[in-house]
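Here the structure is laid out as structure tokens; the discussion comes afterwards.
Values quoted throughout were computed directly from the atomic coordinates according to the rules given, and no laboratory measurement underlies them. In this text the structure is predicted, and so the values were computed from the model without any measurement. No Cβ is skipped: glycine too gets one built from the backbone with ideal geometry, and neighbour counts run over all protein chains shown.
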Amino acid sequence: MIKKLLIANRGEIACRIIRTAREMGVATVAVYSDADAKALHVRQADEAVHIGPSPAAESYLVGEKIIAAAKETGAEAIHPGYGFLSENADFARAVIDAGLIWVGPKPESIEAMGLKDAAKERMIAAGVPVTPGYLGEDQSVERLKKEADAIGYPVLIKAVAGGGGKGMRKVDAPENFEADLESCRREAKASFSNDEVLLEKWITSPRHIEVQVFGDSHGNVVHLFERDCSLQRRHQKVIEEAPAPGMDEATREEICAAAVRAAKAVDYEGAGTIEFIADASEGLRADRIFFMEMNTRLQVEHPVTEEITGVDLVEWQLRVASGEPIPLKQEELSINGHAIEARLYAEDPAKGFLPSTGRLEHFDLGDEGRIETSVEEGSDISPFYDPMIAKLIVHAVDRNTAISDLANVCAGVEVYPVRSNASFLVNLLEMDEFGSAQLDTGLIAAKGDALLHSEPSAAVEMAAASWRIEEFEAKDWDRDILPKANGVFGFRLNAEPALARVAMHLNGEVRHLSVAATGDDDRFAVEVDGRQDFSEVTHLPTTHGDVADDQPDGEILIFERGAAHVVSFARERGTGAASAADGAILSPMPGKVIAVDVSDGQAVKAGDRLMVLEAMKMEHALTAPFDGTVTQLAASEGGQVQVEAVLCVVEPDE
């Protein structure tokens, strides 16, 4: 068995690996960049080695530094986690050549599945069904456009070296093809150093079904059943579950058998995932499920498989890498209950899911379910890496119970001032379509803004009022001046003299709050902006949210359904940073300018792309708000910009 393990990764997956290694008695070595010097994974590991500046290209993606760190600390093996170098065959080979154990598949297996076009050809030979499309070597724009026209729109462009939703574009019409191809290639080049693409027919009712497989060096391959990852946004998985709802035993047997054939076709060792796209227009049917790709690593969503099988996949990885056989035979594996995982991201759904960075001044994920995270209160969310804050996982006896339990976990999330998608997750889990398993990968996009609603309810106003009443009792009511009603200092609604009123600022908007005493010492009636439809309140209605009253400047936070609402009684609050004059193009986030499409004095039309920013591995195009002329161009390709920096101005036409 491996005695000392270096983890070539960061974040929650590094913490996850450390946990299992500790339980197995395996010593761990963490690596970290400047941005992660105080990170949780660094503190949890037995040792830690600094490997460079904050950008991943100068630290976590530099294989030589990681191998040197393993040699320096006497680590016997390297676990790559997921992302970064986990599917880099050259790095795996370098690790092995350095005399270290690679906790993952053989480099040849990674290479065989690393390029999607070659992988599809291999799967065809192995009798695994694949999606119709174009896998040719001719990568000219003209040939790709011709093939796309022949396949028929909508068509999907995919980076052959892609993964994690990067380097993918759905093209709905021929006139959009070249622009989408350019964007896809640029993102693929930046993420994978390879801008080659393939084309696939876009399936109109698609479900993303994947099968967890595991192989060892003794020729054994097993599957650990399937997961459904159909709830996606921009090809990024948001909620995953196991087993797949609506999967009958016959279909499960066929798809899992196909996954095992796929793994055996590349002599696979370790943990891997065979991903399929299913045409679910008539439910899940084996003859309408097609191979997409293989991920030659542990997946982000592996906990749901662990929960339904009782298997620790990281333990299996370490045992198999040490030369042991797979601990269980296929017939010893079974499904127990239902598990669902939600990905909690540092992003603002109300602002187009732009990444949100900064310090977690208030952070509480509760203690229900299984929580995989690498941050804590006081941690910084940096712009250099993936914006995932945590994975929230529940396991229950059936799917309906699991949905309800996970919705409650997400509703209890408290994150501030960094924005999160917690309320968005609650809305997803409470969708009728999700509950009835009417799933496809386009469902989130189809629902649109309906899923973004996180406005405070009346309960939030009541909670704020209740908190203010306590403050009134303690210090604000002048008991020598205010008359006493029913034995309590204060006013009764609609009584003389005038009501006790105060301006309540809720998320920057002014609400006029009136409070009066009622029939006993602990109850008050509340009126907000003239609405008297609130019941009498007794302090905070905790079933609707929790108040964090430790905020500066007289602010309190009220959390409801995962959303943070800021309340202040002390001063007027604006609605955010000052807006620029009409036509000023502001950076919506800190990031890097990766493309500038205009020059000073250039005429533009409404909707024309002006430039592209990159932050947290995502591209964000900025466009002209109206017809006009570009002036005051302050951005240049390769430059770093801060949030709300003026990048240029579009002067409107007369």
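Structure notes:
- Magnitude of the charge dipole, the range 152-264, Cβ model with Lys/Arg +1 and Asp/Glu -1, debye to 20: 300
- Greater than 30 Å apart at Cα, pairs in K65/K351; K120/K145; K351/K592; K166/K351: K65/K351
- Using a simple spin-label model with pseudo-atoms 7 Å out from Cα toward Cβ, N194 and Q44 lie 3.1 nm apart.
- Fully extended contour minus Cα-Cα distance, from E368 to S436, at 0.36 nm per residue: 22.0 nm
- Relative contact order of the range 4-103, pairs being alpha-carbon contacts under 8 Å that are 6 or more residues apart, as %: 30
- Computed over the Cα atoms of the range 584-652, pair by distinct pair, the Kirkwood hydrodynamic radius stands at 11.7 angstrom.
- Computed magnitude of the charge dipole of the range 132-201 (debye, nearest 20; Cβ of K, R +1, Cβ of D, E -1): 260
- A dipole drawn for the range 418-467 from +1 and -1 charges on Cβ atoms has a positive end, and of M462, G435, G448 the residue lying farthest that way is M462.
- The range 584-652: relative contact order as a whole-number percent, Cα under 8 Å and 6+ apart: 44
- Charge dipole of the range 344-445 (Cα centre as origin; +1 on each Lys and Arg Cβ, -1 on each Asp and Glu Cβ, all else neutral): 220 debye, rounded to the nearest 20.
- Taking the three principal axes of the alpha carbon atoms in the range 344-445, the coordinate ranges are 38, 30, 18 Å, sorted in descending order.
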